[in-house]
Amino acid sequence: MGAEGLSKSERLAWREQGCFSRKAVFSSQEIAALRQAVERCVVLVEGEIESSGRGYRIDGNRYFETEDATVQMEHDPASGAVRVVEPFHHLDARCDALVDDPRIVVPVRELVDDERVALFTDKINLKRPYEGSGFRWHQDSPYWAHFASELERMPNVLVTLDDASAQNGCFRVIAGSHKRGMLPGLEGDGTLGPLFTDPRGFDASRQLLFEVPAGSLVFFSAHSVHGSEPNRSGRARRAAVLTYQPGGRRMFKLDARREAGGVLQEPGAA
Ligand SMILES: O=C(O)CCC(=O)C(=O)O
């Protein structure tokens, strides 16, 4: 699949389910190169953590702030693995180029409803074999509401870097949960509890499992309740998530603008 605008069924899925996927958009060669690029980012942040990263704990989980990224470590204290790096695009030229890929940006322009789109944030979620932990049900919008407006115009695009299945912790979305805006968070469940969605606010039986091959894209709304199970398999489950917004706005964690995909040519322009 190339750089195509939204089909009728994708528009319908976006409106009704808050998500849709496009399978195997990137070739296996492209994904192999992207995996290598992502692993270069991990090595880079590991080096920074070792030399100068500032570490802290929230609800028992370990985080580090490097000069320009937040690094979350695996939950199990016995694991030394990096779990999430946010942002990562600026750490590697190949990752930076992903932000502008027309196969992502063309449909995103329609979801943002703007010819100009900018990056809001981006992360890599790494679930190493057997030790990759799950992501509890949550929405992004309650978190981002402190930093951004027009949350309906901030689509996420998850890029699968490995074949994803229920066994290795594929991404999941609660169909239709985006329709209810920001839902109540958990109370009395640690510092981050309010950022996890109270299970009374959605119907868990409506979860969609994105069991898709490496190189696929999952588009989902900032209001969608989403999450994933731990990796119980011997195969990695890595993914990149890019979040876009209308053009001209600054990024979430970096005090800079990152316009995406360049300016569209006017019809008939040379
Ligand atoms: O990578 C996953 O499975 C979950 C991603 C997620 O929930 C997030 O990045 O907010």
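The values are calculated or read from the model by the stated rules, or taken from the named source; none is laboratory data. The structure presented is a predicted model; accordingly, all values stated were derived computationally and were not measured. Heads up, the Cβs are rebuilt from the backbone with ideal geometry, glycines too, and the neighbour counts pull from every protein chain shown. Remember, those area values only see protein heavy atoms, side chains included, never the ligands or the DNA or RNA. Shrake-Rupley method; radii C 1.70, N 1.55, O 1.52, S 1.80 Å.
Per-structure values
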| quantity | calculated |
| --- | --- |
| Region 40-67: number of residues that are in contact with a helix residue (DSSP H, G or I) (Cβ under 9 Å, 6 or more places away or on another chain), over 21 Å from THR191 (Cβ atoms), open to solvent by 50 Å² or more (accessible area, probe 1.4 Å) and part of a loop (DSSP other than H, G, I, E, B) | 1 |
| Residue within region 122-142 that is in a helix (DSSP H, G or I) and surrounded by 15 or more Cβ atoms within 10 Å (Cβ to Cβ) present | yes |
| Whichever residue in region 82-112 is part of a loop (DSSP other than H, G, I, E, B), more than 21 Å from SER21 (Cβ to Cβ) and touching a helix residue (DSSP H, G or I) at 6+ places or on another chain (Cβ under 9 Å) and, among such residues, is most open to solvent (accessible area, probe 1.4 Å) | ASP92 |
| Test result for ALA222, among the hydrophobic types (A, V, I, L, M, F, W, C), surrounded by fewer than 21 Cβ atoms within 10 Å (Cβ to Cβ) and within 27 Å of ARG237 (Cα to Cα) | no |
| Single residue of ALA37, ALA32, ALA3, ALA78 found to be touching a helix residue (DSSP H, G or I) at 6+ places or on another chain (Cβ under 6 Å) and surrounded by fewer than 16 Cβ atoms within 10 Å (Cβ to Cβ) | ALA3 |
| Test set (1) in contact with an Asp or Glu (Cβ under 6 Å, 6 or more places away or on another chain); (2) open to solvent by 20 Å² or more (accessible area, probe 1.4 Å) - SER149 fails condition number | (1) |
| Residues (buried (at least 17 other Cβ atoms within 10 Å of the Cβ) and of a type in the set (A, V, I, L, M, F, W, C)) located in region 183-215 | LEU183, LEU186, PHE196, PHE202, LEU208, PHE210, VAL212, ALA214 |
| Any hit, region 154-161, residues being in a loop (DSSP other than H, G, I, E, B) and open to solvent by 10 Å² or more (accessible area, probe 1.4 Å) | no |
